[in-house]
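Step one of this worksheet: look at the structure below.
The values are calculated or read from the model by the stated rules, or taken from the named source; none is laboratory data. From a predicted model like this one, the values you see are computed outputs, not experimental measurements. Don't worry about glycine lacking a Cβ; one is built from the backbone with ideal geometry, like all the others, and counts go over all protein chains shown. Keep in mind that these areas ignore ligands, DNA and RNA; they rest on the heavy atoms of the full protein, side chains included. Shrake-Rupley method; radii C 1.70, N 1.55, O 1.52, S 1.80 Å.
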Amino acid sequence: MLLGLFAFISSLTYAQVNYSLHDTERHRLDAHVQIYIDDSEKLSHPDILKNDIQQQFINSSGDLQFGYSKATIWLKFSVKKTTSDAEWLLELPAPFLEFVDFYQLQTDSTWSHHESGYYRPQSKRVISHTSHLEPLVFGSDSLSHVYIKIAGRSPKTFPVYILEKEHFYQKTRFEDIGYGIFFGILLVMFFYNLVIYLTLNQINYLLYICTIVCTFFIFASATGYAGKYLWPEYPDLNFYAGRLSLTVITIFLAIFTIRFLEVKQYSKTMYYILYSLPFLAIITGVLTATGIMSSANNNLISISTLVYLATGIVCRLKGNKTANFFIAAWSFYLVGGLLLTLRNSGVLVFNFWTTHFVEIGAVLETTIIAIALGDRYRRYKEEKEEIQLQALQLQQEANERLELKVKERTEELQQTLDTIKLQKEIIEDKNAELDAFFYRISHDLKGPIASLLGLNTLATMDIKDELALDYLNKHHSQVERLNQIINGLINLTRLNNATLQREAIDFEKLINDCIESSRSLHSFEKITFKRDIEINATYHTEWTLLNAIVQNLIENAVKYCSTVNPYVHIYVKTDERGLNIKVKDNGAGISEEYQSKIFEMFYRASQHAQGSGLGLYILKRSVDRLQGTIEVESKIGEGSCFTVQLPPL
C-alpha cells in the first residue's frame, strides 16, 4: 500500500491540471488527458506509475486519433466534482476497442482494476453495456484519478466522456431506440426480400438477402449490441461476425452487382474487376484473421464501394436504367463508409456523422437496392408483357395470314373438286359408253368365234394329215384364247355395272360349281382338291362378285398346277367379322418381282403363261367392289397362296 501511495504521489508531480466537473451533464475530456504510447505493448499499470514513464506522458492536443496503431495507448487524467450528490460515469463510446482496462485510485489509496473490451465477456465489465464504462470514485478531496489502457489491433480513434449518471441512461435509451429502428429496418428488408425470393425464385433476391444478413451481423458486432445481447459470454464471435463478415459480404455484393446490373453485357472491364473482388476478399480475410494487417478487410470494403459505384455509373452511361437506383444507394453508403474509414484511420474526428452516417447509408442503401430490385422486377414484368403482347400480335397476324391462305386454298381446292367432279362425270359417261361398246362388240364377236371353234372341231374329224391337224390344233388354241378374252370382257362389263344385292351364300355349292366349271382346263383330272369350310355365321354378300372371286382363284391354281402330285387347298371361314378365303396350291409359283403386277389388266408374267391376263384383274376388281383385301404369298417352284378377306355386306 505504501509503495502504491508513493508511486501515486510521485505521479502527481507530472499530472495535468485537474478537470472540474461543473453542472453540465456531459463532458468530453479528449483535450484534458495525458497520453503515453507503449510501443512495446508490455508495460503494466505498476510500470506506468514509475517516474521514468510518468515523465514521458504528454498532454493531449485535442481529439484522440491514433488510427490503426498497434501500440498500447495509456491515458491518465484527474477530475474534480463540484457537487456532492452527483454520480458520474466514465465512457468510451467505441465498442470496437478490443481491450480496455480502467485503473482508478480508491479511497483506501489502492488501485481498482476493471476490464472491458470488444473481445471480453460482458460478465467481466463493471457495467454491462455496448460502450466501455467505469463509475468514477471520488476521494475526500472530491478528486478522481484514472488510468485507461487501450490495446489491440482495432482502430484507436475514440472520445473520452464523463457523463452524469441519469443523463447517461437517458442517452442510452435514445441510442437503443435509434439502433432498434436501424436493425428493425434490416429485419424488415430481410423478410420482405425473403418473401419475394420464395415467390419468384430469383437468385438475385437470395444474394441480396445474404448481404442483408452480413450487414446485420457486421453492425450488430461493431455497435456492441451483438456482444451484449446475442453472445455476451462469447466475445470471440465478434471477430467472426464483425471482421470476417466483411469478407463474405464483399463476395456476395460482387456477385450480386454482376447479376443485378448485367455488367458483362455493358462493360467487360468492370465485369473482370468485380470478378476479382471475391478472390481479393479471401486474401484480405486471411490478413485480418492472422493479424498481419487488421485493417485489410476495412480497406477492401472502401475500395469495393468505389468499384460498385463506378460500375453503376458505367452501366448507366451505357443505357442500363436500373443503375440509377444502384448509384444512389452506393453514393450514400460510400459517404458513410468513407467517413468511417477516415475516422478509424485517424484523419477525421470521432463525432455523430463519422460514427453513424455509415449506418444511415447502410439503411438507405438496403432500402434503395430493395426498391431497385422491385423496379427491376417491374421492368422485367413489363418487358415480358410487351414481348407476350408482340408475340400475340405476331400470332394474330400469322393466324390472319393463315386464314387468308386457307381461304384461298379452300377456294382453289373447291375449284379443283368441281373440276374433278366434272371429270369424274365425264369419265363415268365414257366408261359407260366403253362398257356398252365392249359388251356389244363381245357379243358380236362371240358368234363368229363359236363358229370358228365348231368348224375347227369338224375339220379335225375329217382331216387325217398330221401336219394339217397340228395347224388346226394351233388354230384352235388361239381361237380358244380369243374366246377367253371375250368372255373375260363380258364378265368385266357385268362386274362394272352389277348392282350389289345381299343374299346368303351356300359355300359348299359355290365351291363345287367353281371346281366343276374348271374341268375343261388342262391337268384338271390330275389335281387333288381339298375343301375346308368352317361356317360359324351365315354370310350375306353379292353372289356374282363372290363367284367371280372363287372361280378365278381356283382357275388360276388349276392353270399353274404342279406336274407332280398337284393339289389345290380351298379354305373358307366365316364369323361375325366377315369372310376369309384361302386358296393354296403347289404349282409353279410367282416370282417376287411380278407379285405386285399380277392384278393388272392383261398382265402375264411371261409369254408362255396361260390365260388371257384378265382373271386376276377381275378377281381384284371384285374384291375392291366388296371392300375387301387380297394378299398373295408365293415362291418359285413351291406354289402360291391367295388370301381374301371380305367384310359382311
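Go through the stretch 118-176 and give me each residue that's in a loop (DSSP other than H, G, I, E, B), of a type in the set (A, V, I, L, M) and open to solvent by less than 10 Å² (accessible area, probe 1.4 Å). Steps first, please.
Within the stretch 118-176, the first condition is being in a loop (DSSP other than H, G, I, E, B), and the residues that meet it are 118-121, 125-131, 136-142, 152-156, 158-160.
Still in the running and of a type in the set (A, V, I, L, M): 126-127, 136-137, 160.
Across the stretch 118-176, the qualifying residue is only Val160.
Restricting attention to the stretch 62-96, and to residues there that are under 28 Å from Pro232 (Cβ atoms), assigned to a strand (DSSP E or B) and hydrophobic (A, V, I, L, M, F, W, C), which single residue is farthest from the chain's Cα centre (by Cα)? Can you show your working first?
If we filter the stretch 62-96 for residues that are under 28 Å from Pro232 (Cβ atoms), which is where we start, we get 64, 66, 68, 70, 72-75, 87-96.
So of that shortlist, the ones also assigned to a strand (DSSP E or B) come out as 72-75, 88-92.
Adding the requirement that they be hydrophobic (A, V, I, L, M, F, W, C) leaves 73-75, 88-90, 92.
Values: Ile73: 58, Trp74: 61, Leu75: 63, Trp88: 65, Leu89: 61, Leu90: 60, Leu92: 54 Å.
Checked the stretch 62-96; the qualifying residue farthest from the chain's Cα centre (by Cα) is Trp88.
Here are Tyr271, Tyr275: which of them is on the phi < 0 side of the Ramachandran plot, aromatic (Phe, Trp, Tyr) and either surrounded by fewer than 17 Cβ atoms within 10 Å (Cβ to Cβ) or in a loop (DSSP other than H, G, I, E, B) (or both)?
Numbers: Tyr271 fails: either surrounded by fewer than 17 Cβ atoms within 10 Å (Cβ to Cβ) or in a loop (DSSP other than H, G, I, E, B) (or both).
One residue alone meets the criteria, Tyr275.
If a residue must be open to solvent by 20 Å² or more (accessible area, probe 1.4 Å) and either in contact (Cβ under 8 Å) with a residue 40 or more places away in the chain or in the same structural domain as Lys228 (by the TED database) (or both), how many such residues does the stretch 71-85 contain?
Restricting attention to the stretch 71-85, the residues satisfying the condition of being open to solvent by 20 Å² or more (accessible area, probe 1.4 Å) are 80-85.
Restricting the remaining residues to those that are either in contact (Cβ under 8 Å) with a residue 40 or more places away in the chain or in the same structural domain as Lys228 (by the TED database) (or both) gives 80-84.
Count: 5.
Checking the structure you have, find out if any residue of the stretch 526-542 is of a type in the set (Phe, Trp, Tyr) and open to solvent by less than 80 Å² (accessible area, probe 1.4 Å).
First, pick out the residues of the stretch 526-542 that are of a type in the set (Phe, Trp, Tyr): 529, 539.
Within this subset, residues satisfying the condition of being open to solvent by less than 80 Å² (accessible area, probe 1.4 Å) are 529, 539.
The answer is yes, given that some residue of the stretch 526-542 is of a type in the set (Phe, Trp, Tyr) and open to solvent by less than 80 Å² (accessible area, probe 1.4 Å).
For the structure I just gave you, tell me whether Thr305 is assigned by the TED database to the domain that holds Leu364, surrounded by 18 or more Cβ atoms within 10 Å (Cβ to Cβ), in contact with a Lys or Arg (Cβ under 9 Å, 6 or more places away or on another chain) and closer than 25 Å to Tyr205 by Cβ.
Criteria not met by Thr305.
Please state which one of Ile292, Ile313, Ile283 is in a helix (DSSP H, G or I), in the same structural domain as Glu365 (by the TED database) and open to solvent by 80 Å² or more (accessible area, probe 1.4 Å).
On the way: Ile292 fails: in a helix (DSSP H, G or I); Ile313 fails: open to solvent by 80 Å² or more (accessible area, probe 1.4 Å).
Selected residue: Ile283, the only one of Ile292, Ile313, Ile283 that is in a helix (DSSP H, G or I), in the same structural domain as Glu365 (by the TED database) and open to solvent by 80 Å² or more (accessible area, probe 1.4 Å).
Given the options Ser60, Ser44, Ser40, name the one that is more than 19 Å from Phe96 (Cα to Cα) and touching a helix residue (DSSP H, G or I) at 6+ places or on another chain (Cβ under 7 Å). Please lay out each step first, then the result.
Working: Ser44 fails: touching a helix residue (DSSP H, G or I) at 6+ places or on another chain (Cβ under 7 Å); Ser40 fails: touching a helix residue (DSSP H, G or I) at 6+ places or on another chain (Cβ under 7 Å).
The unique qualifying residue is Ser60.
Among the residues of the stretch 28-52, how many are within 60 Å of the chain's Cα centre (by Cα) and either on the phi > 0 side of the Ramachandran plot or assigned to a helix (DSSP H, G or I) (or both)? If you could, list the steps in order and put the result at the bottom.
Here is the first cut: in the stretch 28-52, the ones within 60 Å of the chain's Cα centre (by Cα) are 39, 41.
Cutting the leftovers down to either on the phi > 0 side of the Ramachandran plot or assigned to a helix (DSSP H, G or I) (or both) gives us 41.
Selection size over the stretch 28-52: 1.
Of the numbered conditions (1) more than 30 Å from Gly637 (Cα to Cα); (2) open to solvent by 30 Å² or more (accessible area, probe 1.4 Å); (3) at pLDDT below 85, Asp513 fails exactly one; give the number of that condition.
(1)
Would you pick out the residues in the stretch 146-170 that are in contact with a His (Cβ under 9 Å, 6 or more places away or on another chain) and among the hydroxyl-bearing types (Ser, Thr, Tyr)?
Answer for the stretch 146-170, where residues must be in contact with a His (Cβ under 9 Å, 6 or more places away or on another chain) and among the hydroxyl-bearing types (Ser, Thr, Tyr): Tyr147, Tyr161.
Looking at the stretch 609-630, which of the residues that are of a type in the set (Ser, Thr, Tyr) and farther than 17 Å from Cys514 by Cβ is modelled with the highest pLDDT? Outline the logic, then answer.
Residues of the stretch 609-630 that are of a type in the set (Ser, Thr, Tyr), as a first pass: 612, 617, 622, 629.
Adding the requirement that they be farther than 17 Å from Cys514 by Cβ leaves 612, 617, 629.
On the way: Ser612: 57, Tyr617: 78, Thr629: 90.
By that ranking, first place goes to Thr629.
Among the numbered criteria (1) in the same structural domain as Leu237 (by the TED database); (2) at pLDDT below 90; (3) over 30 Å from Thr257 (Cα atoms), which single criterion is violated by Lys156?
Of everything listed in (1) in the same structural domain as Leu237 (by the TED database); (2) at pLDDT below 90; (3) over 30 Å from Thr257 (Cα atoms), Lys156 misses just condition (1).
Pick out the one residue from Ile177, Ile209 that is free of Cβ contacts under 8 Å to residues at least 60 places away in the same chain and touching a helix residue (DSSP H, G or I) at 6+ places or on another chain (Cβ under 6 Å).
Working: Ile177 fails: touching a helix residue (DSSP H, G or I) at 6+ places or on another chain (Cβ under 6 Å).
Just one listed residue meets the conditions, Ile209.
Filter the stretch 577-588 down to residues that are modelled with pLDDT of 85 or more and either open to solvent by 30 Å² or more (accessible area, probe 1.4 Å) or not hydrophobic (A, V, I, L, M, F, W, C) (or both), then give me how many there are.
Of the stretch 577-588, the ones modelled with pLDDT of 85 or more are 578-587.
Subset that is either open to solvent by 30 Å² or more (accessible area, probe 1.4 Å) or not hydrophobic (A, V, I, L, M, F, W, C) (or both): 578, 580, 582, 584-587.
Count: 7.
Is it the case that some residue within the stretch 233-244 is open to solvent by 30 Å² or more (accessible area, probe 1.4 Å), on the phi > 0 side of the Ramachandran plot, assigned by the TED database to the domain that holds Leu300 and of a type in the set (D, E, K, R)?
The answer is no, given that none of the residues of the stretch 233-244 is open to solvent by 30 Å² or more (accessible area, probe 1.4 Å), on the phi > 0 side of the Ramachandran plot, assigned by the TED database to the domain that holds Leu300 and of a type in the set (D, E, K, R).
With the requirement that a residue be in contact (Cβ under 8 Å) with a residue 60 or more places away in the chain and among the small types (Gly, Ala, Ser), what does the stretch 222-241 give you? Even if it seems obvious, please write down each step before you answer.
Start the filter on the stretch 222-241 by keeping residues that are in contact (Cβ under 8 Å) with a residue 60 or more places away in the chain, which leaves 222-225, 227-228, 232-236, 238-239.
Result: Ala222, Gly224, Gly227.
Could you say whether any residue in the stretch 80-99 is hydroxyl-bearing (Ser, Thr, Tyr) and modelled with pLDDT of 85 or more?
Step one: of the stretch 80-99, the residues hydroxyl-bearing (Ser, Thr, Tyr) are 82-84.
Imposing the further condition that a residue be modelled with pLDDT of 85 or more reduces the set to none.
No, the stretch 80-99 contains no residue that is hydroxyl-bearing (Ser, Thr, Tyr) and modelled with pLDDT of 85 or more.
Here is a check on your reading of the model: is Phe352 loosely packed, with under 13 Cβ neighbours inside 10 Å, at pLDDT below 75 and either outside the structural domain of Asn204 (by the TED database) or among the hydrophobic types (A, V, I, L, M, F, W, C) (or both)? Steps first, answer last, please.
Working: loosely packed, with under 13 Cβ neighbours inside 10 Å: yes; at pLDDT below 75: no; either outside the structural domain of Asn204 (by the TED database) or among the hydrophobic types (A, V, I, L, M, F, W, C) (or both): yes.
Considered against the rule, which asks whether it is loosely packed, with under 13 Cβ neighbours inside 10 Å, at pLDDT below 75 and either outside the structural domain of Asn204 (by the TED database) or among the hydrophobic types (A, V, I, L, M, F, W, C) (or both), Phe352 comes out as no.
Write out, first by first residue and then by second, each pair whose Cβ atoms fall under 7 Å of each other, whose residues are 6+ apart or on separate chains, and whose first residue, in the stretch 372-395, is within 30 Å of Gly312 (Cβ to Cβ) and in the same structural domain as Asn193 (by the TED database) while the second is polar (S, T, N, Q) and surrounded by 10 or more Cβ atoms within 10 Å (Cβ to Cβ).
Short answer, once both residue conditions are applied: Ala372/Thr322; Leu373/Asn204; Asp375/Thr322; Arg376/Thr322; Arg379/Thr322.
Would the stretch 192-208 turn up any residue that is crowded, with 19+ Cβ neighbours inside 10 Å, in a strand (DSSP E or B) and of a type outside the set (Gly, Ala, Ser)?
no
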